[in-house]
Every structure is written in C-alpha cells, then in structure tokens.
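Just so you know, all these numbers are worked out from the coordinates, no wet-lab data involved. This one's a predicted model, so the numbers in the text were calculated from it and none came from an experiment. Every residue, glycine as well, gets a Cβ built from its backbone with ideal geometry; the counts of neighbours run over all protein chains shown.
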Amino acid sequence: MDLELSRKVDFRHEEIASRIKEKLYKNGTLCLNFISSPGSGKTSLLERTLDALKETYNLAVIEGDPETDRDARRLEKLHVPVILINTSGTGASCHLSPAEIEQAVDDLLLETPPPDIIFIENVGNLVCPAAYDLGEHHKVLLFSVPEGCDKPAKYPVAFRESDLVLINKMDLAPYCDFDLESLKKDALSVNPSLEFITMSIKKGDGLLEWFSWIEKKLAEVRKQASK
Ligand SMILES: Nc1nc2c(ncn2[C@@H]2O[C@H](COP(=O)(O)OP(=O)(O)O)[C@@H](O)[C@H]2O)c(=O)[nH]1
Ligand SMILES: [Mg+2]
C-alpha cells in the first residue's frame, strides 16, 4: 500500500472508531476490548464475568475468532447475545477491525433494552489488536503468568494502549519463576498510568476486584452520557 492510501485507510479507521464511541455514549453502554496472547484466559474470564454480572446488567459479547465458533459456543451457554466474527474470512485474520465492530455494535444496540456492557474478545495476539482503536472505552490486557515477565518490553504498544492489566494464572506463579514486581515495573515504564489486578480465574481470586473495576468504569460512562 502506498503512503497516501495508507493514511486514508487510517483516517477512515479513526472516523469509524469515533462514530462507535459516540453511539456507545449515547446509550450509556460501556465497551471493553480484551487483548492478550492466545490462551491467557479471555474466554474463561468472560464465562466467569457473564455468570456473575448477567443478573444485574444487560451484557453482550463480540467474539473475534480466526477460524471457529468454539468460544462463541462456550459463551452462548451463559444466555447473553454473542456476535461471532470469524476474522480469517475478512483478509485480516490477526485482529478485529473498526468496521466489523461498528456493524456488531449497531446490531447489539438494537436489543431492547440495549446492553449496559459490551465485551470484545479480540483475536489472541499482542501485536495487531493493540494497533486498532475499535471505539472501545478501555483496552484491557489479559496477561498470564506462564507468558514470562519480558512481555512489556517485547510488546510495548499493547501495554501502552491498555488501561488495565489483568495478571492471570497466579496459581502457576510458583512453577514459572514469576516476578510480579519486575513485570509491573517494566509495564509502568511504557505506560505509567496502568492499573493492575492479579487473579487466578481457575481459583476465583481477584474476580471481585475485577467486577468492581468494571462497575466503576460503567458509572463513568453513564455520568458522561448524562451530560
Ligand atoms: N492454571 C490456570 N489455568 C487457567 C486459568 N485461567 C484460564 N486457564 C486455562 O487456560 C486455558 C486457555 O483459556 P481460554 O479462556 O480458552 O483462553 P483464551 O484463548 O485467552 O480465550 C484453558 O485451559 C483454561 O482452563 C487460571 O487462572 N489458572
Ligand atoms: Mg478465547
């Protein structure tokens, strides 16, 4: 792609992202975009989160999966709307694009009542999803202990673009030479305003703190929406 065309494409992405954000604010809907490596626990966390919050809030998921409907089928068992986007059919299998998200958000906002919270499970990849603003309010980076503490240095954009790092699989820390303080220090050196929550989805640790964080962010969006 030549430089001029690439600029035009970027501009179009930004335009779509700001349109999505406007629609979300209009409805007071919080949107969180999970980015992570494959296997760090995104779908597991969504299962626990939907189960815990679905009686209190209207929830929905946009599921980005390169090839299958496996995660979407796991999440549909929680009886919330799930829109599956198979990215390998769209030519850019490594990430979700703003245009795909706009279509899905438009469909979800037609639900009565519209969702209070939309979760996006992006494609498992710490590079490409970090580069796209999908109109979400926050990118949430789900990191897991076995991935190793060098990841903030190797994937700085993912840590820079996120507002919260969930550090999952803490139950495996004793087997992985995991150094929590060194991970936080390196992450803060690329993004000093990052927040952290340590968790073990398997054991249920850290989930209440995560649910409180979501509720705080939903309150912020609603406050902004009412202005
Ligand atoms: N030991 C451990 N395994 C976990 C934890 N959370 C998720 N897993 C496992 O990690 C694997 C990948 O989880 P999944 O939710 O599919 O990850 P995704 O690819 O990011 O959506 C599964 O085998 C989960 O059971 C955790 O807290 N501790
Ligand atoms: Mg998954």
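List of remarks:
- Orientation-averaged projection of the range 66-197 equals 9.1 nm² [convex hull of Cα atoms, one quarter of hull surface area].
- Lys/Arg +1, Asp/Glu -1 at C-beta; the chain dipole; positive extreme among G135, S212, L108: S212
- With the simple spin-label model, which puts each label point 7 Å out from Cα in the Cβ direction, the L78 to K185 separation comes to 3.6 nm.
- Sequence-ordered 3J(HN,Hα) estimates for the range 61-78 from the Karplus curve with 6.51, -1.76 and 1.60 and θ = phi - 60° stand at 10, 10, 9, x, 9, x, 10, 10, 10, 4, 5, 4, 5, 4, 7, 4, 5, 8 Hz, glycine and proline given as x.
- Sequence-distant aspartates and glutamates (8 or more away, or on other chains) whose Cα lies within less than 15 Å of K227: E22
- Compared with the direct C-alpha span, the chain from T56 to E111 gains 18.1 nm at full extension, assuming 0.36 nm per residue.
- Bridging of K203 to lysines at a Cα separation below 23 Å is possible for K42, K54, K77, K169, K184, once same-chain residues fewer than 8 apart are set aside.
- Prolate/oblate/rounded call for the range 1-76, Cα gyration tensor, a/c under 1.5 rounded: oblate
- Partnerless cysteines in the chain, where a partner means another cysteine C-beta under 4.7 angstrom, comprise C31, C149, C176.
- If you sort the three axes of the alpha carbon gyration tensor as a ≥ b ≥ c, you get a/c of 1.5 or more for the range 51-134 and a/b above b/c, which makes it prolate.
- Approximate spin-label separation Y175-E209, in nm, with each point projected 7 Å along Cα-to-Cβ: 2.3
- Length gained when the stretch N86-F11 is fully extended (0.36 nm per residue, less Cα-Cα span): 24.6 nm
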